[in-house]
Amino acid sequence: MSHTLKNKRALVTGGSRGIGTGIVNRLASEGADVAFTYSSSPDRAKEVLQAAQTLGVRASAIKADSANASSVVASVERTVAELGGIDILVNNVSVLAIARIDELTLADFDRTIDVNVRAVFVATQAAVKHMKEGGHIINIGSTNAERMPFTGGSIYAMSKSALQGLAKGLARDLGPRGITINNVQPGPITTDMNPPEGEFAQMLKKLMALPRYGTVEEIAGMVAYLASPEAAFITGANLTIDGGFSAYSSLRSKQPQ
Ligand code: NDP
């Protein structure tokens, strides 16, 4: 353990599974105290909490639905109360509604915006009230903001594109305060949201320069770097970590329908 984040206090949204769990584990292993939210997996949340505590840091699991703005604000306030402040915010939660335009409902659209975009804005607004110089906000976007090679992903891609603009705009607001905000854009990563086997996974792998799914640890490594003092000059950036998914090669595959 390098402990580059000792005495830092972090909140990770959606830490009970997948990439969020990888980020909680990595930040805790770097010495940060870590709070994280979850919505429907209390048992998984407990396991993640205990694993972080085993690393000797303070940790907190907070039930908070990202679709509910009051809950999101409350999760930030609870983090500040329990950890004594907040230095790092990782906005990781997303929903993925895959359907063509004739199948999508307004409810799908609104939920995607509420969870994938509004919650990021709300958590960031609440966190920067407490954040001091040297604070870091890291949003988890998607390579689908750069490249959308399959049908049915329109509103998910739209929500991830919104995070690109949000990071650029907020970098301007927060730069004078010495706070950075960046957008990490993963490609296919093995999680419950995106299992690495099956027809869909095979199609995605054919579109990649490295024909494999990434791991949550590979994304968490990028997040830990952006949360560290070494990355103090990086802000307003979209950092794509996708095994070459967005480095399109028409020779490797045909465009899927
Ligand atoms: P998972 O579905 O595996 O995990 C989602 C996490 O978010 C869980 O901890 C879940 O909590 C939590 N969560 C879901 N909905 C809510 C909600 N309404 N309120 C609070 N918490 C919620 O997702 P991934 O780990 O795959 O994805 C994480 C991020 O990475 C997302 O932003 C996604 O868009 C992005 N991403 C993922 C890729 C991939 O291939 N996996 C590729 C590109 C981007 P609970 O356990 O309680 O349900």
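The values are calculated or read from the model by the stated rules, or taken from the named source; none is laboratory data. Predicted model only: the values in this text are computed from it and were never measured. Virtual Cβ from ideal backbone geometry, glycine too; neighbours counted across all protein chains shown. To get the accessible areas, we keep the full protein, side chains included, count just its heavy atoms, and leave off ligands, DNA and RNA. Shrake-Rupley method; radii C 1.70, N 1.55, O 1.52, S 1.80 Å.
Values as computed for the structure displayed
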{"item": "Among His130, Asn68, Thr112 the positive-end extreme of the charge dipole of the chain (Cβ point charges)", "result": "His130"}
{"item": "1.4 Å probe accessible area per residue over region 1-103, in Å²", "result": "44"}
{"item": "Tensor-based shape of region 30-94 (alpha-carbon gyration tensor, a/c under 1.5 rounded, otherwise prolate or oblate)", "result": "oblate"}
{"item": "GNM result for the chain, Cα springs below 10 Å: residue of Gly187, Gly141, Gly153 fluctuating most strongly", "result": "Gly153"}
{"item": "Choice from Lys129, Lys160, Lys206 with maximal GNM fluctuation in the chain (Cα, 10 Å cutoff)", "result": "Lys129"}
{"item": "Residue with peak Gaussian network fluctuation, the chain [Cα springs, cutoff 10 Å], from Phe200, Phe245, Phe109", "result": "Phe200"}
{"item": "Candidate residues His3, His130, His136: accessible-area rank, largest first, probe 1.4 Å", "result": "His3, His130, His136"}
{"item": "Carbon/sulfur fraction of accessible area - the chain, other protein chains in place, 1.4 Å, %", "result": "54"}
{"item": "Euclidean distance between Cα centres, region 126-184 to region 77-120, Å", "result": "12"}
{"item": "Sum of -39500 (n - 2.57) over DSSP H runs of 4+, divided by residues of the chain (222 nm, nearest 500)", "result": "-12000 deg cm²/dmol"}
{"item": "Cα gyration tensor shape for region 9-243, rounded if a/c is under 1.5, else prolate or oblate", "result": "rounded"}
{"item": "Considering only region 9-243, percent of DSSP beta bridges that pair antiparallel, nearest 5", "result": "0"}
{"item": "By accessible area with a 1.4 Å probe, ligands and nucleic acids excluded, highest first: order of Arg17, Arg100", "result": "Arg100, Arg17"}
{"item": "Under 15 Å from the Cα of Lys63 - aspartates and glutamates, other chains or at least 8 residues apart", "result": "Asp43, Glu47, Glu77, Glu82"}
{"item": "Proximal aspartates and glutamates relative to Lys160, as straight alpha-carbon distance under 13 Å, when same-chain residues fewer than 8 apart are discounted", "result": "Asp114, Glu146"}
{"item": "Nearest-10 value in Å² for the accessible area of Asp173, using the 1.4 Å probe", "result": "100"}
{"item": "Dipole magnitude (debye, nearest 20) for the chain, charges at Cβ of Lys, Arg, Asp, Glu", "result": "340"}
